[in-house]
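Working notes, structure below.
Here, each number is a calculation from the coordinates, and none is a lab measurement. Remember, predicted model here, so these are calculated numbers, not experimental data. Here the Cβ positions follow ideal geometry from the backbone for every residue, glycine too, while neighbour counts run over all protein chains shown.
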Amino acid sequence: MRKILLTAALTVGLMAAAGQAAAAEVVVKMLDRGAQGMMVFEPASAKLKPGDTVRFVPEHPGHNAESILGMLPPGATPVKGAMSKELVVKFAKPGVYGFKCAPHFGFGMTFVAKVGDGAANMAAAETATTQGPPAAKKRLAAELAALK
Ligand SMILES: [Cu+2]
């Protein structure tokens with residue numbers, strides 16, 4: 001027990017030493033069922049800094065993560081993860097990034113990241129939340145609202 005506490009203290013110390021310069025990684029689970037219902041990314045939204053990454057983890061098989069093309073900052077490259085595979089996305093450009101699970105877009109399986117202030121494409125991203133399947137529109141609007 002004592003050894004574990006010491007290791008934890010050391011880890012926290014190292015993280016503090018790394019400070020602001022260290023890029024963060026957010027782990028997003030792809031789930032058949034989560035706190036927000038069926039077919040979800042968990043968490044469903046994240047505030048990031050340029051250089052941060054998101055690791056999409058297929059906790060349950062049969063999901064992927066790919067860019068929603070209407071929710072991508074100008075000049076950012078769209079990504080498309082393979083089914084049931086982990087996908088790590090690094091966010092270089094500030095802006096709003098939308099993601100969907102292709103087979104479950106109709107269930108509203110979506111994720112939104114805001115990198116920096118998100119101003120680069122906030123208006124376009126808001127417009128994009130008014131398109132697509134009803135469940136996706138509903139969740140995308142909530143995810144974007146949570147980032148403001
Ligand atoms: Cu899915």
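So how many residues does region 108-117 have that are away from the ligand (no atom under 12 Å from the Cβ) and either among the β-branched types (V, I, T) or not in a loop (DSSP other than H, G, I, E, B) (or both)? Residues in region 108-117 being away from the ligand (no atom under 12 Å from the Cβ) and either among the β-branched types (V, I, T) or not in a loop (DSSP other than H, G, I, E, B) (or both): 4 in total. crowded, with 16+ Cβ neighbours inside 10 Å and part of a loop (DSSP other than H, G, I, E, B): does that describe A120? The answer is yes for A120. Looking only at residues of region 72-107 that are surrounded by 17 or more Cβ atoms within 10 Å (Cβ to Cβ) and assigned to a loop (DSSP other than H, G, I, E, B), we find that the one that is nearest to the ligand (Cβ to nearest atom) is C101.
Every residue, every condition in (1) touching a residue at least 24 places away in the same chain (Cβ under 8 Å); (2) in contact with a strand residue (DSSP E or B) (Cβ under 9 Å, 6 or more places away or on another chain); (3) within 24 Å of A124 (Cα to Cα), yes or no:
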{"residue": "D32", "(1), (2), (3)": "yes, yes, no"}
{"residue": "V40", "(1), (2), (3)": "yes, yes, yes"}
{"residue": "A44", "(1), (2), (3)": "yes, yes, yes"}
{"residue": "K47", "(1), (2), (3)": "yes, yes, yes"}
{"residue": "E59", "(1), (2), (3)": "yes, yes, no"}
{"residue": "L69", "(1), (2), (3)": "no, yes, yes"}
{"residue": "P74", "(1), (2), (3)": "yes, yes, yes"}
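Tallying residues that are in a strand (DSSP E or B) and more than 12 Å from the ligand (Cβ to nearest atom) within region 58-71 yields 1.
Taking the criterion of being within 16 Å of the ligand (Cβ to nearest atom) and assigned to a helix (DSSP H, G or I), the residues of region 123-136 that qualify are A135, A136.
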